[in-house]
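These notes concern the structure reproduced below.
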Amino acid sequence: MKDVIVIGAGIAGLICAQQLKQAGLDVTIVEKSAGLGGRMATRRLQGTWVDHGAQLISVKSDNFGRFIRKLEEKQIVKEWTRHVYQLSATGLLPPNADDRHTRYCCPLGMTAIAKYLANDLPIITNTRIVTVNHNDIKWQLITDRQEILETKAIVSTIPAPQFLPLFEEVLASAPSFLQALQSVKFAPSVTIMAGYNPSNSIPNEWQAIRCLDDPILDWISYDSSKHPDKALQPVFVLQSTAEFAKQSMEESDLEIAGKPLLNQVGRLLAKWLASPEWWQVHRWRYAIAQDSLGVSCLSTSIPLSLVCAGDWCAGKNIEAAYNSGLAAAESAIELLK
Ligand SMILES: Cc1cc2nc3c(=O)[nH]c(=O)nc-3n(C[C@H](O)[C@H](O)[C@H](O)COP(=O)(O)OP(=O)(O)OC[C@H]3O[C@@H](n4cnc5c(N)ncnc54)[C@H](O)[C@@H]3O)c2cc1C
């Protein structure tokens, strides 16, 4: 039997597992996907890297700042931009004076951070937890391959709406814990990754753009500017508004689901952006936490030791997930004493 099983190999799960391992506990991560990083996601496409989840890293807390500086020293992270332009109905506006802080990126894609954190951690990938049971002394996690994993404690780092169907029954005796999780809402997002002919000229202002009040587009970035020395052609990433994503989430044809984003960027910035040489669509059902709980993590010992962590506990970004993962490790250690 394990001391702790961490569900999810996003940044919260990885940093948590690292702390637990350093504390001498027997820990394993179980991840449903083949790759690591969760919503810090990078796709290998046309000989390059494209971030189709988190686009950039901002730093507010000292804790996270120290982590990012360490990654910078190891050349996993570098400064990307201080200027996120704003696109309004009247055109592009420069960032507000109080919004000119450093945004970091990973030249080899966001998943480089996950790969770095995963070093030496026991991780079972391609394995989804589908059922959770327990007896008086241990949890039993059943995987989609019908394997049974036994553990004294669980740290779950999956978005709250995905956690609930797995744990609702076993947490019937902890109603206030369940209620907190039920209050967390997530917004969906549709992402387009698109490659263009290198002959097109790209103004500096297009590196990172937040769209204001657009019904379809929320974000436009010149993704290949994160690794200009390795880029064979310009690659852009477009992200939709939650409202647009809600409508296109059930569309069975991915091209139909994504094409309005290309048409819109063509209307807003330049006609050629509507006609890439290649493009791919990714849909995120649980992209961004809307209402976070304002706590670093949630823990209970009823019926057995369980900690919930992730961005949605204390925010909606990578920094919040990182800090929540650290707090979850502390809570799990405390519960196991
Ligand atoms: C489109 C998009 C753009 C974003 N842009 C930014 C940005 O620019 N800057 C920023 O800071 N943040 C951004 N974010 C948010 C950021 O990506 C997240 O806050 C952060 O990555 C969350 O990390 P996490 O570890 O909490 O969760 P996740 O990364 O979601 O990790 C949870 C993991 O659990 C796994 N999992 C789920 N269910 C199961 C199961 N049953 N069994 C096993 N494994 C399971 C998942 O596969 C996943 O790997 C963006 C997110 C999206 C989707």
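Annotations
- The stretch 146-252: equivalent-ellipsoid semi-axes (sqrt of 5 x gyration tensor eigenvalues, Cα, Å): 40, 19, 13
- Dipole magnitude (debye, nearest 20) for the stretch 238-301, charges at Cβ of Lys, Arg, Asp, Glu: 160
- Computed 3J(HN,Hα) for the stretch 139-147, one whole-Hz value per residue from the Karplus formula 6.51 cos²θ - 1.76 cosθ + 1.60 where θ = phi - 60°, is 8, 10, 9, 9, 8, 5, 9, 6, 7, glycine and proline marked x.
- Only Lys, Arg, Asp and Glu carry charge here, each on its Cβ (+1 for the first two, -1 for the last two); on that basis the chain has a dipole of about 580 debye about its Cα centre.
- Ranked Leu71, Leu232, criterion: other C-beta atoms within 10 Å, fewest first: Leu232, Leu71
- Relative to its residue count, the stretch 190-263 spans a Cα convex hull of 98 Å³ per residue.
- Compactness of the stretch 127-198, expressed as Rg and Dmax over alpha-carbon positions, Å: 17.1, 63
- Extreme residue, positive dipole direction of the stretch 198-337, given options Ser292, Ala327, Gly258 (C-beta unit charges): Gly258
- Along the stretch 40-53 the Karplus relation, 6.51 cos²θ - 1.76 cosθ + 1.60 evaluated at θ = phi - 60°, assigns HN-Hα couplings of 7, 10, 10, 10, 7, 9, 6, x, 9, 10, 10, 7, 10, x Hz to successive residues, with x for each Gly and Pro.
- Rg to Rh quotient for the stretch 47-198, alpha carbon positions, Kirkwood Rh: 1.05
- Full extension of the chain between Asp120 and Ser201 gives 24.8 nm of extra length, using 0.36 nm per residue less the Cα-Cα distance.
- Separation of the stretch 193-208 from the stretch 153-178 is 44 Å, based on Cα centroids.
- When the helices of the chain are scored as -39500 (n - 2.57) per DSSP H run of n ≥ 4 and the total is divided over every residue, the value at 222 nm lands at -8000 deg cm²/dmol.
- Entry note, the chain: relative contact order of 21 percent, from Cα contacts under 8 Å with a spacing of 6+ residues.
- Mean separation of Cα contacts under 8 Å (6+ apart) over length of the stretch 218-310, as relative contact order %: 15
- Beta bridges assigned by DSSP with both partners in the stretch 1-152 are antiparallel in approximately 70 percent of cases.
- Under-5 Å amide H pairs with Phe186, H placed in peptide plane, nonlocal only: Gln290
- When restricted to Cα atoms, the stretch 193-337 yields an Rg and a Dmax of 19.9, 62 Å, respectively.
- Fewest-first sequence of Lys271, Lys70, Lys32 by Cβ atoms within 10 Å of each Cβ: Lys271, Lys70, Lys32
- Computed from backbone phi, the HN-Hα couplings of the stretch 77-85 come to 10, 9, 5, 10, 7, 10, 10, 9, 6 Hz, rounded to whole numbers (Karplus: 6.51 cos²θ - 1.76 cosθ + 1.60, θ = phi - 60°; Gly and Pro given as x).
- Shape box of the chain [Cα atoms, principal axes, largest first, Å]: 65, 43, 37
- Positive dipole terminus of the stretch 1-157, leading residue within Ile5, Ala118, Ser88 (C-beta point charges): Ser88
- Close amide H contacts of Thr131 (hydrogens built in the peptide plane, cut-off under 5 Å, sequence separation of 5 or more or a different chain): Ile142.
- Long-range amide H partners of Thr81 with built H, under 5 Å: Arg103
All of the numbers you see were taken from the coordinates with simple rules; none came from a lab. Model, not experiment: these values are computed from the prediction. We place every Cβ from the backbone using ideal geometry, glycine too, and count neighbours over all the protein chains shown.
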